[in-house]
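Worksheet: the structure to be examined is printed underneath.
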Amino acid sequence: MSNNEEKFKKIISHAKEYGFVFQSSEIYDGLSAVYDYGQNGVEMKNNIKEYWWKSMVQYHENIVGVDSAIFMHPTIWKASGHVDAFSDPMIDNKDSKKRYRADVLVEDFIAKIEGKIQKEITKARKRFGESFDENQFKTTNPRVLANVNKIEDIKNRLYPAMDSDNLEDIKLLIEELGIACPISGSKNWTDVRQFNLMFSTQMGSLSEDANQIFLRPETAQGIFVNYLNIQKSGRMKIPFGIAQIGKAFRNEIVARQFIFRMKEFEQMEMQFFVRPGEELKWFEYWKNERIKWHLSLGIPEEKYRFHDHEKLAHYANAASDIEFDFPMGFKELEGIHSRTDFDLAAHQKFSGKKIQYFDPELNQSYVPFVVETSIGLDRTFLALFSHSYNEEVLEDGSMRVVMKLPPIIAPYKVAVLPLVKKDNLPEKAREIMDSLKYNYMCQYDEKDAIGRRYRRQDAIGTPYCITIDHQTLEDNTVTIRERDSMKQERIAIGKISGIIAERIND
RNA sequence: GCGGAAAUAGCUCAUUUGGUAGAGCGACAGCCUUCCAAGCUGUAGGUGGCGGGUUCGAGACCCGUUUUCCGCUCCA
């Protein structure tokens with residue numbers, strides 16, 4: 001087992017042991033690829049959300065937020081392309097145990113026939129030399145014609161079957177064509193099954209007239225369908241953005257790797273609406289802004305890299321990922337996509353509502369182009385959590401596990417600790433605790449030796465420990481101990497709040 | 001979804017070939033008071049993942065199932 005795998009396992013068990021992340025429904029043996037955030041995890045997650053929201057919405061005058069419902073009109077997913085792109089007919093070969101997309105299997109078969117046609121053409125060109133007329137050959141040669149017709153026949157079966165979800169006919173087609181598994185070479189296929197990557201449920205309490213609706217697979221559509229509402233009610237001028245934090249759901253075929261890939265996950269997205277033709281300029285702008293955001297959390301630059309997409313999704317004309325060096329290697333953390341006018345134009349078409357912006361500078365109306373920044377909240381959590389996990393050997397040879405979380409992200413900012421549990425120190429500590437707790441998440445702990453208590457706070461990433469000792473009772477000073485350096489200094493009680501505020505916002 | 005491995009206390013793990021479960025750490029209560037884990041005393045916590053089978057008897061053997069890990073597969 002590699003060091004990284006070892007470390008990843010330690011991080012996962014640390015997350016559980018210290019109340020950050022639990023497996024869903026654990027007492028019922030768990031639910032695969034679903035996780036719950038515990039008492040420390042939820043604080044940390046909320047802090048990440050707040051940090052993102054402020055940087056996007058509060059610090060940008062031209063970005064506003066929205067909180068759209070998870071349930072949306074089913075036609076939205078037709079317009080967005082998800083109904084088609086997210087549901088694939090799959091078929092398994094029983095001998096090789098390999099799974100294929102049934103339509104791809106048929107299309108590969110078509111490609112094979114096309115290969116045969118090309119061979120005929122190449123042969124004929126050699127034979128006829130200069131005088132070869134490819135078009136004439138294609139329309140007259142009986143072997144080519146037969147193959148062309150065959151392709152036509154297959155397409156005329158496949159596409160209607162695909163459109164009507166006629167899975168039986170796709171299976172029949174595969175059998176009739178005698179398509180064999182490239183691995184096993186056998187034609188021993190299972191039935192064609194629909195793998196829908198979107199979760200669905202019914203809306204309407206009576207099942208007979210219930211409508212199937214989907215749990216959103218991305219939050220972006222909730223922004224697009226509110227574009228008109230927000231642009232008009234907020235008197236927004238292009239360029240402007242709409243931000244949203246929310247849950248999304250994907251029925252992934254396999255979903256392992258802890259909270260990196262979950263069936264229920266949370267996204268922090270911002271859709272930025274721009275003038276057509278300027279989208280790539282803004283694409284670059286947001287790539288730069290977003291990487292700056294990541295670096296502002298204090299994680300070294302070499303942990304991040306950009307990955308530009310070669311193969312673009314159906315809606316994009318440029319796409320780049322910010323990847324993070326997770327314990328399992330560099331993986332996507334955030335995507336910045338130039339989504340063109342695909343989504344708004346699609347909604348304009350499907351809804352029949354005019355989704356346009358009148359640009360007074362150009363004196364014309366247009367469907368805005370969109371640049372999207374979409375970051376996985378759970379992935380950000382994992383990035384910060386895994387990077388912060390440190391096992392240190394101290395000078396005296398002892399070990400400590402310390403979560404070097406950015407202070408602003410840490411679940412607790414301060415721990416208040418009476419040095420001993422007597423001599424009125426707990427009472428004094430409570431007093432200090434009460435004065436701090438309205439401003440910061442604070443934890444009070446009087447159990448066990450002071451060193452052990454420091455270690456407990458290190459394990460959950462609390463950046464500062466305030467210790468009340470006998471001197472406190474005499475001169476109203478305490479010691480403040482910093483998590484990473486373990487250094488202490490003595491400060492006046494009245495200055496605690498200000499010093500913490502200053503350092504946390506660093 | 002397929003193949004392989006695993007599942008015993010909160011955690012890490014024991015329990016020699018089948019004879020009704022133990023330790024360390026942790027937690028809690030108390031003692032001790034000492035600014036960086038491992039001082040003392042005591043307490044709690046397990047129908048051995050779950051279901052079935054073989055057996056006089058199963059944590060151990062067999063089957064199923066769930067979850068996790070590894071590999072493959074898939075991934076807008």
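The values are calculated or read from the model by the stated rules, or taken from the named source; none is laboratory data. The structure displayed is predicted, hence computed values, not measured ones. Cβ sites come from the backbone with ideal geometry, for glycine too, and all protein chains shown count toward neighbours. Areas reflect the complete protein model, heavy atoms only, side chains present, ligands, DNA and RNA absent. Shrake-Rupley method; radii C 1.70, N 1.55, O 1.52, S 1.80 Å.
Only one of A:Ser55, A:Ser24 is under 20 Å from the mean Cα position of the chain (by Cα), among the hydroxyl-bearing types (Ser, Thr, Tyr) and not assigned by TED's automatic domain parsing to the domain that holds A:Ser351; which?
A:Ser24
Within segment A:41-56, is even one residue of a type outside the set (D, E, K, R) and over 19 Å from A:Ile245 (Cβ atoms)?
no
Per-residue answers, yes or no, for (1) acidic (Asp, Glu); (2) within 28 Å of A:Trp293 (Cβ to Cβ):
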| site | (1), (2) |
| --- | --- |
| A:Tyr389 | no, yes |
| A:Asp396 | yes, no |
| A:Lys421 | no, no |
| A:Lys428 | no, no |
| A:Ser435 | no, no |
| A:Ala449 | no, no |
| A:Gln471 | no, no |
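Determine which member of the set A:Gln271, A:Gln267 is buried (at least 22 other Cβ atoms within 10 Å of the Cβ), assigned to a strand (DSSP E or B) and within 16 Å of RNA strand B (Cβ to nearest atom).
A:Gln271
Can we say A:Glu120 is among the acidic types (Asp, Glu), farther than 17 Å from A:Leu167 by Cβ, at pLDDT below 85 and open to solvent by 40 Å² or more (accessible area, probe 1.4 Å)?
Criteria not met by A:Glu120.
Which residue out of A:Ile230, A:Ile223 is surrounded by fewer than 19 Cβ atoms within 10 Å (Cβ to Cβ) and not in a strand (DSSP E or B)? Break it down stepwise before answering.
Working: A:Ile223 fails: surrounded by fewer than 19 Cβ atoms within 10 Å (Cβ to Cβ).
On inspection, the qualifying residue turns out to be A:Ile230.
Which condition breaks for A:Asn363 when tested against (1) within 21 Å of the chain's Cα centre (by Cα); (2) open to solvent by 50 Å² or more (accessible area, probe 1.4 Å); (3) of a type in the set (S, T, N, Q)?
Going through the list (1) within 21 Å of the chain's Cα centre (by Cα); (2) open to solvent by 50 Å² or more (accessible area, probe 1.4 Å); (3) of a type in the set (S, T, N, Q), A:Asn363 breaks only (1).
Just one of A:Ala346, A:Ala313 is small (Gly, Ala, Ser), out of contact with any Leu (no Cβ under 9 Å at 6 or more places or on another chain) and not in a helix (DSSP H, G or I); which is it?
On inspection, the qualifying residue turns out to be A:Ala313.
Would a scan of segment A:38-58 turn up a residue that is surrounded by fewer than 17 Cβ atoms within 10 Å (Cβ to Cβ), at pLDDT 80 or above and more than 30 Å from A:Phe258 (Cβ to Cβ)?
The answer is yes, given that some residue of segment A:38-58 is surrounded by fewer than 17 Cβ atoms within 10 Å (Cβ to Cβ), at pLDDT 80 or above and more than 30 Å from A:Phe258 (Cβ to Cβ).
Considering A:Asp133, A:Asp169, which residue is among the acidic types (Asp, Glu) and closer than 18 Å to A:Tyr100 by Cα?
None of the others qualify; the one that does is A:Asp169.
Report, ordered by the first and then the second residue, all pairs with beta carbons closer than 6 Å, sequence separation of six or more or different chains, a first member in segment A:112-125 that is on the phi < 0 side of the Ramachandran plot, and a second member that is hydrophobic (A, V, I, L, M, F, W, C) and at pLDDT below 85.
A:Ile113/A:Ile151; A:Ile117/A:Val144; A:Glu120/A:Val144; A:Ala124/A:Phe137; A:Arg125/A:Phe132
The conditions are (1) open to solvent by less than 60 Å² (accessible area, probe 1.4 Å); (2) modelled with pLDDT of 80 or more, and A:Met162 fails exactly one of them. Which is it?
Answer for A:Met162: the failing condition is (2).
Pick out the one residue from A:Lys422, A:Lys413, A:Lys437 that is buried (at least 20 other Cβ atoms within 10 Å of the Cβ) and either among the basic types (Lys, Arg) or within 9 Å of RNA strand B (Cβ to nearest atom) (or both).
None of the other options fit; the residue is A:Lys413.
Taking the conditions exactly as written (at pLDDT below 80 and assigned to a helix (DSSP H, G or I)), does A:Glu168 satisfy them or not? Working first, answer last.
Working: at pLDDT below 80: yes; assigned to a helix (DSSP H, G or I): yes.
Here the answer is yes, as A:Glu168 does meet what is asked.
Got a number for residues in segment A:212-259 being among the β-branched types (Val, Ile, Thr), away from RNA strand B (no atom under 15 Å from the Cβ) and more than 26 Å from A:Lys54 (Cβ to Cβ)?
1
Looking only at segment A:316-343, count every residue that is open to solvent by less than 40 Å² (accessible area, probe 1.4 Å), of a type outside the set (Phe, Trp, Tyr) and in a strand (DSSP E or B) and tell me the total. Working first, answer last.
Going through segment A:316-343, the residues open to solvent by less than 40 Å² (accessible area, probe 1.4 Å) turn out to be A:316, A:318-324, A:326-327, A:329, A:333-340, A:343.
From the residues that got through so far, the ones that are of a type outside the set (Phe, Trp, Tyr) too are A:316, A:318-323, A:327, A:329, A:333-340, A:343.
Retained after the next criterion (residues that are in a strand (DSSP E or B)): A:318-323, A:329, A:333-340.
Total meeting the criteria: 15.
Give the residues of segment A:442-460 that are under 24 Å from A:Pro407 (Cβ atoms) and either open to solvent by 70 Å² or more (accessible area, probe 1.4 Å) or at pLDDT 95 or above (or both), sorted by residue number.
Matches in segment A:442-460: A:Arg452, A:Arg455, A:Arg456.
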